[in-house]
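Structure, as structure tokens:
The values are calculated or read from the model by the stated rules, or taken from the named source; none is laboratory data. Fair warning: this is a prediction, and the values are worked out from it, not measured in the lab. Note that each Cβ is placed from the backbone with ideal geometry, even for glycine, and that neighbours are counted across all protein chains shown. What goes into the accessible areas is simple: the full protein's heavy atoms, side chains included, and nothing from ligands, DNA or RNA. Shrake-Rupley method; radii C 1.70, N 1.55, O 1.52, S 1.80 Å.
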Amino acid sequence: MDKQLKILILEDLQEDIWLVKRVLTKDGMDFLLEEVDTKEDFVSALKSFSPDIVLSDHSLPQFNSIEALKICQQYQLDLPFILVTGTVSEEFAVNSLKQGADDYVLKSNLERLPSAIKHAIKQREDEKKRKEAELKLRFQNEELLKINNELDSFVYNISHNLRAPLLSALGLVRLAKIEIKTDQYESMTLYCEKIEESVLKLDETLKEILDYSRNARSEIKYETIDFRRVIEDSLSKMKYLTNPSDTRIITDLRQTVPFATDNYRLNVIFNNLLSNALKYHDPKKHDKWIKIETDVDETKAVITISDNGIGIEKEYIPQIFDMFYRATVRSDGSGLGLYIVKEDVGKLGGNIKVTSAPRIETSFEITLPNHHSLVS
Ligand code: ADP
């Protein structure tokens, strides 16, 4: 024991306290002794003195060791407790141990006290370490179970998302083969378009899986960002989406200082949010718009992407960032996009908020820390 040991002794006889001090000093123990002989003083010393161990006589005028032991247990104090007492019956001693005392030492055999104290403290420490290791193991097991379940659901959902467009393309190819045999060529263009759609969808899901795994595995690389370029690149990838050209794109980029973050992840965020804003447009509207705003200062960038599309009903909002969650039958996607966005934003140390008034305005606001001081 390298630190000074704080001993709380519950004893009313001064001679006995003197004897305890003597055997401990003789043993070379470095200790501080707090003496109490009433219940009130005992309880208050547990708090104010915060002992490392309790030595307790069995019976005092208005208090006893079993009651003292129970108080320690009630307060969930993981304190070694040794009974130091005159003669007691073997039955009583065994009973005290059963109730949770660590040891008992007879006053007639006080030389045993130092080794009993050391042993009790060591045992408690070992027990504490064992419990901590057990808790850690249990926690790791729970984590593993959770990851396993997530993996199960991921494999199930992703296989479905990959198989659906594949089977659809296969069906179309078979139809086309039959019709070619009978010289019916009219529907070929339509079949080819449908097959192209399926292949694009397949490609989209595969890209999302790659984005997901890349976010989890690749290092963050800070680069200076040109928001105009990010937006242009992102929009140019959406050409195959239905009618992006009849949607007005409004940009308002407010920036006086450079902004740096991970360019790849930022692109993934823009791609997903912009493609959703286009996909979930309101077909009944003539004036469809998407507004992209950025507000950059020394510490952060606030990026807002809003649209006046169909929007998201209030009750679905809490789930939209979940893996594979789709909030509308209009979705023909995998339900992975916003999950990936949230993961990416988290990895960049930012946060994302969404507000939606269906058919009026839906807005995703992302705040990202500015790391331009890290870019040379
Ligand atoms: P996906 O688009 O593949 O279904 P996402 O994870 O990108 O999956 O989005 C989850 C759901 O959130 C979508 O199914 C859709 O219902 C809703 N959503 C996302 N963005 C918008 C938006 N801008 N407007 C309306 N609904 C949206």
Report task. Work out the charge dipole of the stretch 10-72 with +1 on the Cβ of Lys and Arg and -1 on the Cβ of Asp and Glu about the Cα centre, then indicate which of CYS72, SER56, THR25 is farthest towards its positive end. Result -> CYS72
**Report entry** Heavy-atom accessible area per residue - the chain, 1.4 Å, Å²
**Finding:** 59 Å²
Requested in this report: Would you mind working out the magnitude of the charge dipole of the chain relative to its Cα centre, with +1 at each Lys and Arg C-beta and -1 at each Asp and Glu C-beta, to the nearest 20 Debye?
Outcome: 1380 debye
Query raised in the report: Using a 1.4 Å probe on the protein chains only, how many percent of the accessible area of the stretch 269-334 belongs to carbon and sulfur?
Result: 52 percent
Query raised in the report: Between rounded, prolate and oblate, where does the stretch 181-283 land on the alpha carbon gyration tensor, with a ≥ b ≥ c its root eigenvalues, rounded for a/c under 1.5, else prolate if a/b exceeds b/c?
Result: oblate
Query raised in the report: Which percent of the accessible heavy-atom area of the stretch 118-227 goes to carbon and sulfur, probe 1.4 angstrom?
Result: 58 percent
**Report entry** the stretch 199-261: GluC sites (Glu not before Pro) falling in loop per DSSP and having at most 11 other Cβ within 10 Å
**Finding:** GLU219
Query raised in the report: Which residue, ASN95, ASN351, ASN161, has the most motion in a Gaussian network model of the chain that connects Cα atoms within less than 10 Å?
Result: ASN95
Report task. State, as an integer percentage, the relative contact order of the chain based on alpha-carbon contacts under 8 Å between residues 6 or more apart. Result -> 11 percent
Query raised in the report: Given springs between every Cα pair under 10 Å in a Gaussian network model of the chain, which of ALA357, ALA93, ALA164 has the largest fluctuation?
Result: ALA93
Query raised in the report: Using a 1.4 Å probe, how large is the accessible area of THR25, given in Å² and rounded to the nearest 10?
Result: 90 Å²
Report task. Could you check how much of the accessible area of the stretch 1-108 is carbon and sulfur, as a whole percent, using a 1.4 Å probe? Result -> 47 percent
Requested in this report: Give me the percent of DSSP beta bridges within the chain that run antiparallel, rounded to the nearest 5.
Outcome: 50 percent
Query raised in the report: Taking a ≥ b ≥ c as the square roots of the eigenvalues of the Cα gyration tensor of the stretch 267-361, is the shape rounded (a/c under 1.5), prolate (a/b larger than b/c) or oblate?
Result: oblate
Query - Structure-based [θ]222 nm, the chain - -39500 (n - 2.57) summed over DSSP H runs of at least 4, per residue, nearest 500 - result: -16500 deg cm²/dmol
Query - Alpha carbon centroid spacing (whole Å) that separates the stretch 314-367 from the stretch 1-76 - result: 60 Å
**Report entry** Charge dipole (the chain, unit charges on Cβ, about Cα centre) - positive-most of ILE178, LEU348, ILE195
**Finding:** ILE178
Report task. Take the Cα of PHE92, step 7 Å along the line toward its Cβ, and report every residue of the stretch 101-128 whose backbone nitrogen sits under 17 Å from that point. Result -> 101-110
Requested in this report: Treat every Asp and Glu Cβ in the stretch 242-311 as -1 and every Lys and Arg Cβ as +1, leave all other atoms uncharged, and give the resulting dipole magnitude about the Cα centre to the nearest 20 debye.
Outcome: 280 debye
